[in-house]
Every structure is written in structure tokens, then in C-alpha cells.
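Let me begin by presenting the structure, written as C-alpha cells, before commenting on it.
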Amino acid sequence: MPEKWDVVVAGGGTAGLSAARSASAEGGKVLLLEMSAQIGSTGQLGNVISSDFKILGKRPVVRLFREIELHAPHRELSVNYDRAVVVDQRRLEEHLAAAVAEHGGEIWLNAPVTGLLMSDGVVRGVHIEAGGWSENIEAEVVIDATGARGEMSGLFLRHVLGGGWNRDLLAFSNEYLMANVGNEKSVDIFFDAYSAPGGHAWIYPLSKGFAAAGINGLRIHPDAALDEFLGRRKIKKLERALPIAASRGQLPLEGPLYQTHADGILAVGGAAGQIYPLTGQGLLYSLKCG
């Protein structure tokens, strides 16, 4: 007889890891399924959040800063600000994964969830499939933390609610990890309706000599938009920098789902539309809702 879990979490991003950590800490038999080959490979590189932020008794902060540079088409503003930090999201997710293991939870990599197991209108588990391998996994509760990017995301929205996100309100993003960055002491935010309609661009300082340079916006091709923006702006601190990694994303800005749960399933994070619409980010929402 197949093994049955208390909780199966689909998706190993911040929301999924947070949910798996919470469920396993409460004594649940928890399995987290991540489609990628590693934890922390699909999320944003950095996030700017309150300096009060703590998780697991640690501060996964890679850079403190004291200044925010705001750039608009007709004005620039420098603000001294000491109540925020840049968090390395990938490092944070590694800490969360370690906590899942510490509490007895399991994590399977290269295990994409392709569908839900349903009976009499109740979600009973998930179907995973990769290459020539497939398996049905039963659970008391399924947590959909698959995000809003790609054809295998949004299990609850697609399979339970029978809907989809409004493409006119989807923010597409691209972010580069830049090496050999100069003056990485400030956070830069750019408001540019040409390159980032309905969104913005950013440069977040990471470890010494490195920064995250990204863009998000509505109805854009994120790769072309970021390359065009960086080429057009000629940003001084990036004059000698080169991109060495890229991370693409897609987030709904239409607000949270009107319904986030049904019999046997719960949606969290990007899969539930739990996104801060001003920035198109959802790190804190993912942690709290997960």
C-alpha cells in the first residue's frame, strides 16, 4: 500500500518551505516536492525588507545599507534610511530547508507535481512525473506553493477553481547577478514607464563586489527589457560589471485569490496571489502565509 503523508507541499520556494517547516514543527509527516534540482534556484536573488526581520533565530542578511537612491525620469532623490536590509533569498530558503529536515520533514528534488488526485470533489494527493518516472502520492492535505510562473504552477487555481491569472495584470521579471560591481553601498530604485510599465527596476547590493540588477513590469519581455534598460541607463556602479547568473519570474498583481482553500488543499504565496502589488514581491507574505 502506498505511503500516505499528513501534508504534501508542492513547490520549494519561500512559501512552500515556510509551510513545510511549520507543519513538520507541529509533528506532521511532511513531504515537500520541488521540481528543480536544488532549493533556492527559482526565486529572486535579493529582497529589501525591514531591519526587524528575523527567521529561525538567524538574520540571513548579506548587506546593510544606509541610503536609497530613487530615480525617476525628471528627478532623482537620495534618502538616508537605516530601517531596511537586503536579504539573500536563496540563503534564506536554504535555512528554511534545513529547518524542515531538522523537524523530520522530507524534501524530494526533481519531482514536479503535474496534477492533483481527486475523489468525490476532495483533493487526496498529487501526481508527480519526470521523464519516464511517475508516482501518485496520497496526503491528508496538499499545500499548493507552486507560484504563478509556468504551466505547472497554480495547481489550486487551475484544477480546483478552474481559472487562470489575468495576463494583463501579470508582472514579468528578470534579474541578473552582477559581478565586479562598484559602490555597492546603496539600494537603487528606478521608475521608468518605458522599460518597466507598471513596475520598476532595481539594483540591490549583495556581498562585496556583487549586486542584483532586475526589472519587472506589465506586458514586457523581461530579458529584452532588462538588457535594454541597463544599456540605455549607463549606470556608473555597473560600468565594469558583468552578469553571471539570471533569474526570471512571473507574479500576479490582481490581488489575492477570492478563495484560497477547498477540501484537502490550501494555496499559499504566489499560487494564491499573495503579492505586494507595489513592488511585485512577496517574501514576507510568503513567510507569513506559508
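The numbers here are math on the coordinates, done by the rules we state, and not lab data. This one's a predicted model, so the numbers in the text were calculated from it and none came from an experiment. Reconstructed Cβ throughout: ideal geometry from the backbone, glycine too, with neighbour counts over all protein chains shown.
Values computed for the structure shown
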item: Nearest-ten-degree value, helix 222-233 long axis tilted from longest Cα axis of the chain; result: 10 degrees
item: Rounded to 10°, Cα long-axis angle of helix 14-25 versus longest principal axis of the chain; result: 50 degrees
item: Estimated dipole of the chain in Debye, rounded to 20 [Cβ of Lys and Arg +1, of Asp and Glu -1, Cα centre]; result: 1120 debye
item: Quarter of the Cα convex hull surface for the range 1-151, i.e. its orientation-mean projected area (nm²); result: 12.3 nm²
item: Coil-residue trypsin sites (Lys or Arg not before Pro) of the range 75-151, DSSP, other Cβ within 10 Å capped at 13; result: ARG83
item: Kirkwood Rh, Cα atoms: Rg over Rh of the range 4-289; result: 0.99
item: Longest segment of the chain lacking GluC sites (Glu not before Pro) that sit in a DSSP loop with at most 11 other Cβ atoms within 10 Å; result: 27-150
item: Acute angle (nearest 10 degrees) that the helix 89-102 long axis makes with the longest principal axis of the chain, alpha-carbon atoms; result: 30 degrees
item: Relative exposure of MET35, MET152, MET178, judged by other C-beta atoms within 10 Å (fewest first); result: MET152, MET35, MET178
item: Subset of LYS237/LYS288; LYS185/LYS234; LYS208/LYS237; LYS29/LYS288; LYS208/LYS236 violating a 23 Å alpha-carbon distance limit; result: LYS237/LYS288
